[in-house]
1. Cβ-Cβ below 6 Å, separation at least six or inter-chain, first residue in segment 32-58 and without any contact (Cβ under 8 Å) to a residue 40 or more places away in the chain, second of a type in the set (K, R) and surrounded by fewer than 19 Cβ atoms within 10 Å (Cβ to Cβ): which pairs?
2. Just one of (1) in contact with a Gly (Cβ under 9 Å, 6 or more places away or on another chain); (2) assigned to a strand (DSSP E or B) trips up L97, so point out which.
3. Can you pull out the residues in segment 30-70 that are of a type in the set (D, E) and either in a loop (DSSP other than H, G, I, E, B) or surrounded by 18 or more Cβ atoms within 10 Å (Cβ to Cβ) (or both)?
4. Quick check on segment 96-107: of everything there that is within 16 Å of V73 (Cα to Cα) and open to solvent by 70 Å² or more (accessible area, probe 1.4 Å), which residue is farthest from the chain's Cα centre (by Cα)?
5. Would you call R89 surrounded by fewer than 19 Cβ atoms within 10 Å (Cβ to Cβ), of a type in the set (K, R) and modelled with pLDDT of 95 or more?
6. Does segment 71-86 hold any residues that are buried (at least 18 other Cβ atoms within 10 Å of the Cβ) and more than 17 Å from S34 (Cα to Cα), and which are they?
7. Kindly evaluate S116 against the criterion of being hydroxyl-bearing (S, T, Y), over 15 Å from the mean Cα position of the chain (by Cα), closer than 22 Å to R16 by Cα and in a helix (DSSP H, G or I).
8. For residues that are farther than 14 Å from F65 by Cα and surrounded by 18 or more Cβ atoms within 10 Å (Cβ to Cβ), tally how many sit in segment 5-15.
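The values are calculated or read from the model by the stated rules, or taken from the named source; none is laboratory data. Being a predicted model, the structure only gives us computed values, none of them experimental. Glycine also receives a Cβ, built like all others from the backbone with ideal geometry; neighbour counts cover every protein chain displayed. What goes into the accessible areas is simple: the full protein's heavy atoms, side chains included, and nothing from ligands, DNA or RNA. Shrake-Rupley method; radii C 1.70, N 1.55, O 1.52, S 1.80 Å.
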Amino acid sequence: MITKRILDIGCGTGFRTSRLSKSVNHIVIGIDISGVNIKRAKELYPNAFFKKMSAENILYPDNHFDEVYAIDVLEHIDNLEPAISDIARVLKEQGILKIIVPSEKSEKWLIKIRPSYRK
C-alpha cells in the first residue's frame, strides 16, 4: 500500500531521491532537466525512479504528490512563475512543500569560488 507520493525536483544525480525512496510504501520520483544527470542517477540508483523533466512543465496530474522537494534548485530556474504554478498544481491541498534556496550572499561566494556555478 502506497502511503506517500513524493516529487524531488532538480534531483541531480539522485542521492536525495534515493534516500527518500528508502521509506517503506513511498513512491519517490526524481526529476531533473539534465538528461546527463538523469542518466547518471539511473546508473547510481537503479531501484529509484528518475525522469527527465522541467519544473516549469511537470507531467503529472493535479493533486498527485503528498510532498514536493525543491532543494537548491529554484535559483536555477529562469521562468519561476510557471514552475511555482506547476508545483502548486501537482501538490495535494494538504501536501508539504520543502524548499531551500541559498541566500544572495552565499550565491555571490559560490560564484567567486566556482564561476561555473550559475551555468
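1. Listed by first residue and then by second, the contacts come to G35/K52; I38/K52; F50/K42.
2. It fails just one condition, (1).
3. The initial filter retains those residues of segment 30-70 that are of a type in the set (D, E), namely 32, 43, 56, 62, 66-67.
Result: D32, E56, D62, D66, E67.
4. So the first thing to find is which residues in segment 96-107 are within 16 Å of V73 (Cα to Cα), and the list is 97-104, 106-107.
Cutting the leftovers down to open to solvent by 70 Å² or more (accessible area, probe 1.4 Å) gives us 97-101, 104.
Numbers: L97: 11, K98: 10, I99: 10, I100: 11, V101: 12, E104: 21 Å.
Among those residues, the one meeting the criterion is E104.
5. Numbers: surrounded by fewer than 19 Cβ atoms within 10 Å (Cβ to Cβ): yes; of a type in the set (K, R): yes; modelled with pLDDT of 95 or more: yes.
Spelling it out, R89 is indeed surrounded by fewer than 19 Cβ atoms within 10 Å (Cβ to Cβ), of a type in the set (K, R) and modelled with pLDDT of 95 or more.
6. Passing the criteria: only D86.
7. So S116 does not fit the description; no.
8. Here the count works out to 5.
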